[in-house]
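A.B. asks: Can you keep this structure in mind? I'll have questions shortly.
The values are calculated or read from the model by the stated rules, or taken from the named source; none is laboratory data. All values derive from a computational prediction rather than experimental measurement. Reconstructed Cβ throughout: ideal geometry from the backbone, glycine too, with neighbour counts over all protein chains shown. The accessibility values were calculated without ligands, DNA or RNA, using every heavy atom of the protein model including side chains. Shrake-Rupley method; radii C 1.70, N 1.55, O 1.52, S 1.80 Å.
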Amino acid sequence: CGSAGDLLQHVNEQDVVTFTGSASTGRMLKSTPSITENAVRFNMEADSLNCSILGPDANPETEEFKLFIKEVSREMTIKAGQKCTAIRRIIVPENICDDVIKAVSARLKTNVIGDPAFEGVRMGPLASKEQVGDVQQKIKELQQTCEIVYGDINNFEVSGADKNKGFFMPSILMHSKKPFDKSGAHSIEAFGPVSTIMPYKTIGDAIELAKMGKGSLVCSIVTADDKIARDFVIGAACMHGRILVL
């Protein structure tokens, strides 16, 4: 609905400010003189690098694998990825990482972008021109430690609309080959249809990668093994608002 204008200049010690959005914007708002001088209570929910883990028991032939691919691609494209609970980090067994990349890419390829009122369109535009610019910048930052394995921000088709006039953004799937050594995907959130795949060797590694996001609203694990689910939840719960076990 646009800018809040000078609203925060009028808050005092009786007020509470609650913010959700980017960490950089949150820090800027929190330093507003009226907030610091009046000791205004400021609650910030920012840059949630949510993740989803595919259990080591899964492979391309299992129902868990198919469910995981469906949910990851769906979470990337609902609201064009503009939601706090979207999956930003896709953590999968190292031995089937290529299979996951191919499967997610295949589903994203069927995702038609354009005017939501147009027949067959599955994903609309981002909120604003500024948001498109911000997401493109974050993708460039992510590319310093990750590579794009699906999608092209300069070359994509739009149905029922002019992509040069609308605020459209294609789905971008990235790959972090060494997620423990290069941690861009654990700290940079592109608030759009963007997500990063990263491999793990053991469930212990998956737990550590999940925690490297330094706190998220939601995390999920897809597995048919109760012990794997239990070990993951106990190991990773301290860094997530909630964990969904599928």
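A.B. asks: From the residues Ile53, Ser159, Ser216, which one has its Cα farthest along the dipole of the chain in the positive direction, the dipole being from +1 and -1 charges on Cβ of Lys/Arg and Asp/Glu about the Cα centre?
C.D. replies: Looking along the dipole axis, the top candidate is Ser159.
A.B. asks: If you don't mind, there's one more thing I want to ask. Please work out how much length the chain gains when fully extended from Ser24 to Glu147, using 0.36 nm per residue of separation minus the C-alpha to C-alpha distance, in nm with one decimal.
C.D. replies: Numbers: separation 123, 0.36 × 123 = 44.28 nm, distance 2.43 nm.
Full extension from Ser24 to Glu147 adds 41.9 nm.
A.B. asks: Give me the one-decimal nm value for the distance between modelled label points at Ala106 and Arg230, 7 Å along each residue's Cα-to-Cβ direction.
C.D. replies: 3.5 nm
A.B. asks: Moving on. If the only charges are +1 at each Lys and Arg Cβ and -1 at each Asp and Glu Cβ, what is the size of the charge dipole of segment 12-91 around the Cα centre, to the nearest 20 debye? Each step should come with its number before you reach the end.
C.D. replies: On the way: 10 positive and 11 negative charges, 53 e Å.
Dipole about the Cα centre, nearest 20: 260 debye.
A.B. asks: What number comes out for accessible area per residue over the chain if the probe is 1.4 Å? Units Å², please.
C.D. replies: Values: 12930 Å² over 246 residues.
Ligands and nucleic acids excluded, the figure is 53 Å² per residue.
A.B. asks: Also: Where in segment 6-59 are there GluC sites (Glu not before Pro) that are in a DSSP coil and have at most 11 other Cβ atoms within 10 angstrom of their Cβ? Could you put the intermediate results ahead of the total?
C.D. replies: On the way: sites: Glu13, Glu37, Glu45; in loops: Glu13.
In loop regions of segment 6-59 (DSSP not H, G, I, E or B), the sparsely surrounded GluC sites (Glu not before Pro) are Glu13.
A.B. asks: Here is a further query. With n ≥ 4 as the cut-off for DSSP H runs, can you work out [θ] at 222 nm for the chain, using -39500 (n - 2.57) per run divided by the number of residues, rounded to the nearest 500?
C.D. replies: Numbers: 7 runs with 75 residues, N = 246.
When only DSSP H runs of four or more count, the value is -9000 deg cm²/dmol.
A.B. asks: Let me ask you something else. What does the charge count around Val17 come to, taking other residues whose C-beta lies under 15 Å from its C-beta (Lys +1, Arg +1, Asp -1, Glu -1)? Don't jump to the answer; show the numbers that get you there.
C.D. replies: Values: positive: Arg27, Lys30, Arg41; negative: Asp6, Glu13, Asp15, Glu37, Glu45.
Neighbour charge sum, excluding Val17 itself: -2.
A.B. asks: Which net charge results when you count Lys and Arg as +1 and Asp and Glu as -1 among the other residues whose beta-carbon is under 14 Å from that of Asp98? Could the numbers behind the result be given before it?
C.D. replies: Working: positive: Lys102, Lys177; negative: Glu94, Asp99, Glu147.
Neighbour charge sum, excluding Asp98 itself: -1.
A.B. asks: Continuing with the same structure: Let's test the formula: R0 of 45 Å, r as the Cβ-Cβ distance of Glu94 and Thr36. What FRET efficiency results, to the nearest 0.05?
C.D. replies: On the way: r = 47 Å, r/R0 = 1.04.
Computed FRET efficiency for Glu94 and Thr36: 0.45.
A.B. asks: Given Cβ point charges of +1 (Lys, Arg) and -1 (Asp, Glu) and nothing else, what value in debye, to the nearest 20, does the dipole of the chain about its Cα centre take? Numbers along the way, then the final one.
C.D. replies: Numbers: 28 positive and 31 negative charges, 32 e Å.
Computed charge dipole of the chain: roughly 160 debye.
A.B. asks: If packing is taken as the average number of other Cβ atoms within 10 Å across a peptide's residues, how do 208-219, 184-195, 61-72 rank, most packed first?
C.D. replies: Descending packing order for the listed peptides: 184-195, 208-219, 61-72.
A.B. asks: Here's another thing I want to ask about it. Could you check what % of the DSSP bridge pairs in segment 109-208 are antiparallel, to the nearest 5? Don't skip to the end; give the middle numbers.
C.D. replies: Numbers: 3 of 9 bridges.
Bridges in segment 109-208 are about 35 percent antiparallel.
A.B. asks: Further question: Once you have a ≥ b ≥ c as the square roots of the Cα gyration tensor eigenvalues for segment 1-56, tell me rounded if a/c is under 1.5, and otherwise prolate or oblate according to whether a/b is larger than b/c.
C.D. replies: Details: a/c = 3.33, a/b = 2.40, b/c = 1.38.
Because a/c hits 1.5 or more and a/b exceeds b/c, segment 1-56 counts as prolate.
A.B. asks: Next question, about the same structure. Would you list, by chain and number, the lysines whose Cα falls below 18 Å from the Cα of Lys109, excluding same-chain residues fewer than 8 positions away?
C.D. replies: Partners found: Lys66, Lys70, Lys79, Lys163.
A.B. asks: Go through Thr25, Asn111, Ile78 and say which Cα lies farthest out towards the positive end of the charge dipole of the chain; charges sit on Cβ, +1 for Lys and Arg, -1 for Asp and Glu.
C.D. replies: Positive-end residue among those listed: Thr25.
A.B. asks: Report which label in [x] 24; [y] 20; [z] 13 holds the value of percent of Cα pairs over 33 Å apart derived from the coordinates of this structure.
C.D. replies: Read-out taken from this structure: [x].
A.B. asks: Taking a ≥ b ≥ c as the square roots of the eigenvalues of the Cα gyration tensor of segment 103-159, is the shape rounded (a/c under 1.5), prolate (a/b larger than b/c) or oblate?
C.D. replies: Oblate, because a/c is 1.5 or more while a/b does not exceed b/c.
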